[in-house]
Amino acid sequence: MTTAVAPGSAALSAADRCDRCGAQAYLRVELLSGGELLFCAHHAREHGDALKAVAANVVDETHRLADKPAAASAEER
């Protein structure tokens, strides 16, 4: 299993939702069987060990949770 952005895999957006709870997804698991699952960071951590056993590839964007948004300039305020 790899944990990188796969070529051709689109970045996750706010429209991508966790298959478990419906929150914004930050992890895409491409399954060995050919399907894919999306998870929020919470459920990705909760099911991480089980996912490793069935994943062909993992796209992990949880680092985006720690990113700070850019401050608005004086002109934008």
Residue under evaluation residue 70, criteria (1) more than 16 Å from the chain's Cα centre (by Cα); (2) at pLDDT 90 or above, criterion not met: (2)
Pair list, Cβ < 7 Å and 6+ apart or interchain, from region 48-66 residues that are surrounded by fewer than 14 Cβ atoms within 10 Å (Cβ to Cβ) to residues that are at pLDDT below 95 and of a type in the set (S, T, N, Q): none
Some residue of region 22-34 being of a type in the set (A, V, I, L, M, F, W, C) and modelled with pLDDT under 95: no
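The values are calculated or read from the model by the stated rules, or taken from the named source; none is laboratory data. Since the structure is predicted, the reported quantities are computational estimates derived from the model, not experimental observations. Note that we place each Cβ from the backbone using ideal geometry, even for glycine, and neighbour counts take in every protein chain shown.
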